[in-house]
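**Q** Let me give you the structure first, and then I'll get to my questions.
The values are calculated or read from the model by the stated rules, or taken from the named source; none is laboratory data. Note that this is a predicted model, so its numbers are computed, not measured. Using ideal geometry, Cβ is built from the backbone for each residue, glycine included, and neighbour counts are taken over all protein chains shown. Ligands, DNA and RNA are stripped out before the accessible areas are found, and what is left, the full protein with its side chains, is counted by its heavy atoms. Shrake-Rupley method; radii C 1.70, N 1.55, O 1.52, S 1.80 Å.
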Amino acid sequence: MAYQVIARRWRPQVFDQVVAQRNVTETLKNAIATDRVAHALLFAGPRGVGKTTTARILAKALNCAQGPTPTPCGTCPPCAEIAAGRSLDCLEVDAASNTQVEKTRDLLETVQ
């Protein structure tokens, strides 16, 4: 097995495992449960607060085979692909690295 950074190895897989972000996770779970998820969400904050982790859990919750659910199963193909980082429907973008106009254009072409 290849080396994996400890933060990724122990990354939370459901909203209830996210620490110190209860207001965010409860809001997202309620939005999913009531079918009122916004068409765009912006996760902002300093390093290490759980932005990427929360976004990945949200992606699994919305793409889960059990339908949009606040508690993704983690075992269906969409959940497993998103967790492994190889899903074509879930693209992780590092905004700090993608600041040039050309990179943004490439990203928009890739999404289409």
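**Q** Do you know which residues across segment 47-88 are in a loop (DSSP other than H, G, I, E, B), without any contact (Cβ under 8 Å) to a residue 12 or more places away in the chain and under 18 Å from residue 11 (Cβ atoms)? If you could, list the steps in order and put the result at the bottom.
**A** The first filter runs over segment 47-88 and keeps only residues in a loop (DSSP other than H, G, I, E, B), leaving 47-50, 64-76, 85-88.
If we keep only those that are without any contact (Cβ under 8 Å) to a residue 12 or more places away in the chain as well, we get 47-48, 66-67, 73, 75, 85-86, 88.
Once the filter is applied, which keeps residues that are in a loop (DSSP other than H, G, I, E, B), without any contact (Cβ under 8 Å) to a residue 12 or more places away in the chain and under 18 Å from residue 11 (Cβ atoms), segment 47-88 yields 47, 48, 73, 75, 85, 86.
**Q** Criterion first (at pLDDT below 90, of a type in the set (Val, Ile, Thr) and either under 23 Å from residue 10 (Cα atoms) or open to solvent by less than 80 Å² (accessible area, probe 1.4 Å) (or both)) does residue 104 satisfy it? Can you show your working first?
**A** Numbers: at pLDDT below 90: yes; of a type in the set (Val, Ile, Thr): yes; either under 23 Å from residue 10 (Cα atoms) or open to solvent by less than 80 Å² (accessible area, probe 1.4 Å) (or both): yes.
When the stated conditions are applied, residue 104 passes them.
**Q** Oh, and also: With respect to the numbered conditions (1) of a type in the set (Val, Ile, Thr); (2) farther than 22 Å from residue 43 by Cα; (3) surrounded by 15 or more Cβ atoms within 10 Å (Cβ to Cβ), which one is the sole condition not fulfilled by residue 75?
**A** The failed condition is (3).
**Q** Pairs under 7 Å by beta carbon, first residue open to solvent by less than 90 Å² (accessible area, probe 1.4 Å) in segment 1-26, partner in a loop (DSSP other than H, G, I, E, B) and of a type in the set (S, T, N, Q), six or more apart or different chains?
**A** Hits for this filter: 14/71.
**Q** Given the condition of a type outside the set (S, T, N, Q), at pLDDT below 90 and open to solvent by less than 70 Å² (accessible area, probe 1.4 Å), answer yes or no: does some residue in segment 63-72 qualify? Reasoning before the result, please.
**A** Of the residues in segment 63-72, the ones of a type outside the set (S, T, N, Q) are 64-65, 67-68, 70, 72.
After this cut, where a residue has to be at pLDDT below 90 as well, the list is 67.
Now drop any that are not open to solvent by less than 70 Å² (accessible area, probe 1.4 Å), which leaves 67.
Scanning segment 63-72, I find at least one residue that is of a type outside the set (S, T, N, Q), at pLDDT below 90 and open to solvent by less than 70 Å² (accessible area, probe 1.4 Å), so the answer is yes.
**Q** In segment 78-101, what residues are in contact with a Pro (Cβ under 9 Å, 6 or more places away or on another chain) and either open to solvent by less than 50 Å² (accessible area, probe 1.4 Å) or more than 23 Å from residue 42 (Cβ to Cβ) (or both)?
**A** 78, 79, 82, 87, 90
**Q** Now for a separate question. Looking only at segment 10-26, how many residues end up being β-branched (Val, Ile, Thr) and either in a helix (DSSP H, G or I) or closer than 13 Å to residue 59 by Cα (or both)? Talk me through it step by step, then tell me what you get.
**A** At the first step, the residues of segment 10-26 found to be β-branched (Val, Ile, Thr) are 14, 18-19, 24-25.
Then keep just the ones that are either in a helix (DSSP H, G or I) or closer than 13 Å to residue 59 by Cα (or both); that gives 14, 24-25.
Total satisfying the criteria: 3.
**Q** Moving on. Just to be sure before I move on: is residue 99 at pLDDT below 90 and either of a type in the set (Ser, Thr, Tyr) or in contact with a Phe, Trp or Tyr (Cβ under 7 Å, 6 or more places away or on another chain) (or both) in the structure I sent?
**A** Values: at pLDDT below 90: yes; either of a type in the set (Ser, Thr, Tyr) or in contact with a Phe, Trp or Tyr (Cβ under 7 Å, 6 or more places away or on another chain) (or both): yes.
It is true that residue 99 is at pLDDT below 90 and either of a type in the set (Ser, Thr, Tyr) or in contact with a Phe, Trp or Tyr (Cβ under 7 Å, 6 or more places away or on another chain) (or both).
**Q** Report, by residue number, each residue of segment 89-112 that is of a type in the set (Gly, Ala, Ser) and touching a residue at least 24 places away in the same chain (Cβ under 8 Å).
**A** Start the filter on segment 89-112 by keeping residues that are of a type in the set (Gly, Ala, Ser), which leaves 95-97.
Within segment 89-112, none qualify.
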